[in-house]
1. Just how many % of Cα pairs in the stretch A:121-255 lie over 22 Å apart, if you round to the nearest whole percent?
2. So what's the back-of-envelope 222 nm ellipticity for the protein assembly as shown, counting only DSSP H runs of four-plus at -39500 (n - 2.57) apiece and dividing by all residues, rounded to 500?
3. Could you list the square roots of 5 times each eigenvalue of the Cα gyration tensor of chain A, that is, the equivalent ellipsoid semi-axes, sorted largest first and rounded to whole Å?
4. Hey, what's the per residue convex hull volume over the C-alpha atoms of the stretch A:12-208, in cubic angstrom?
5. Is the C-alpha gyration tensor of the stretch B:11-70 telling us rounded, prolate or oblate? Criteria: a/c under 1.5 is rounded; beyond that, a/b larger than b/c is prolate, otherwise oblate.
6. What Kirkwood Rh does the stretch A:212-325 have if only Cα atoms enter the pairwise 1/r average? Answer in Å.
7. Quick one: 3J(HN,Hα) in Hz for the stretch A:93-99, Karplus 6.51/-1.76/1.60 with θ = phi - 60°, rounded, Gly and Pro as x.
8. Specify which residue in the list B:V69, A:F187, B:I143 is farthest towards the positive end of the charge dipole of the protein assembly as shown, using unit charges on the beta carbon of Lys, Arg (+1) and Asp, Glu (-1), about the Cα centre.
Amino acid sequence: MTAGATSPVHDERVAARLGLALGITFTVCFLTGLYSHLAQHPSWGFELPARPVGLYRLTQGIHVATGIASIPLLFAKLWSVYPQLFQWPPVKGVAHAIERLAIFPLVAGSIFLLFTGLANINLWYPWHFDFPTMHYRAAWITIGALIIHVGAKWTQSRRALRHQPPEPTGHADPATLDRRRFLYTAFGASALVVLFSVGETFRPLERLALLSPRRPDTGPQGFPVNATAKEAQVITLAQSPDYRLQVTGNVARPLSFTLDELRALPQHSATLPISCVEGWSASRRWTGIRVRDLLAMAGAPPHAAAQVLSFQPGGSYRSSQLNHFQAHDPDTLLALQVNGETLALDHGYPCRLIGPDRPGVLQTKWINHLVVQ
Amino acid sequence: MSNPSPTPTRERRGLIAGLVLGVPFIAVGVADFVANFDGPSFRSFLRFFIGGALVHDFVVAPVAALIGVAVIRRVPALARAPLRAALFGSAVAVAVAWPELRSYGRMRTPDNKTVQPLNYTTAVATVVGVVWIISALWLVVIIVRDHRNRDGRARPEPSRQQGLS
């Protein structure tokens, strides 16, 4: 980058344009992140719908892509305003002091969110806190600081965005050219990192996903896993002849099935995506028993919800919740096969949950218990 | 920043509106910290939250400034923007792929071959190569346009020619 505080890129017109782009990407990230949070932790009476099938895939793909797009934009924006860090006097009054104070959580929060998000999609956790919890809290703080900043800079930014430099000779002056080229560089770099990473969820660009930590076609049975059977310590239990799937809870008739009995039940097939919170996704053809058929067999109430339990001994995602929309959706399955093959151990053999519009972490693997509520 | 500043009253109104709308969002995040306080994880959070900003302001930005002085200012003015784009694009590609280049995810889950499955040295080198090719093409475009502009300025304007004849 051009050095020196006198460089034309340290200009309110550059800062306003980059700020506008970051305002859009951060708002998109916040809303899609909030949707993901509510999908995993239903609150405020929100219940994730089961349709459209690919909504979570779309929102989470956008969340990660806009986060990655924000990285070069944030670097460029911080560079354009860098000399202001050393402005003297540092504060010119109470209003200016408040405005400057709000910039710290904005800058620190933005860097924190992008760094932890990038680390998370790589399954890299060099800290001692729960990633989703802190990412969520930092997102609220950052978006709040962003709103304050937008308010404080509203008039100045509007004027800067409207400003068109005069070009009497038909050619821009060197300073204008420098500003434009700096913006081309920032937006170009942003587009390029998205182009080389979004293929992990957007199939037409799959072969270009050189910066992506996952490939949607790589893994057992041709798609990735987050937790392997070995990691989940289920290899022995999954292959035990004593395996049973139990349906208990708020039912008229508790049920228990061996694997052969499950295979003998009416099977249904659906093409559904595994959509991971880390941004990758892969669509596959799943075959298994409809959850709603099991609920009907057990005599569950018409609007019953259900908790799905795995036999893995530990882990945050050994159980998940099906709300009544999801439990009664015709495509919510306890899958025994994927693409016509018996599930691989790493994909949840002997039985896993797969349902439309759910985060991958809630598509519980190695299931042995359905508790009707 | 050559334009006159907007009136302080307008700015103050904007700031107040921002505070009214923004503080409740910050309060949601802070309230969640307070309601579920955990000392060790909060300290770790602070280290990354504050540390990230400090690393940017006192390491990344000064290094960028040094590169500006040491490299970009030494090349002809026409080549500065493409060179800056090449360096910036390369740095961003390396930063985005840093966990992959260091195999951090793979080290954490050695049994999971689906994490970071590529040879990322080759992958990042390819992306950086694309960045430099695009920057070189941009330089060519800038040089061609500059020559055209010089030719246009050197040629006398038709109206003046007519006036002189």
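1. Across the stretch A:121-255, Cα pairs with separations above 22 Å total 73 percent.
2. -18000 deg cm²/dmol
3. Working from the Cα gyration tensor, I get semi-axes of 50, 21, 17 Å.
4. 178
5. Taking the square roots of the gyration eigenvalues as a ≥ b ≥ c, the stretch B:11-70 is oblate.
6. 16.4
7. Each residue of the stretch A:93-99 in turn: x, 5, 4, 5, 5, 5, 4 Hz.
8. B:I143
Any read-out appearing in this document is the output of simple, stated calculations on the displayed coordinates, not a laboratory observation. A quick note: this is a predicted structure, and the numbers were derived from the prediction, not measured. Neighbour counts are summed over all protein chains in view; Cβ atoms, including those assigned to glycine, are modelled from backbone coordinates with ideal geometry.
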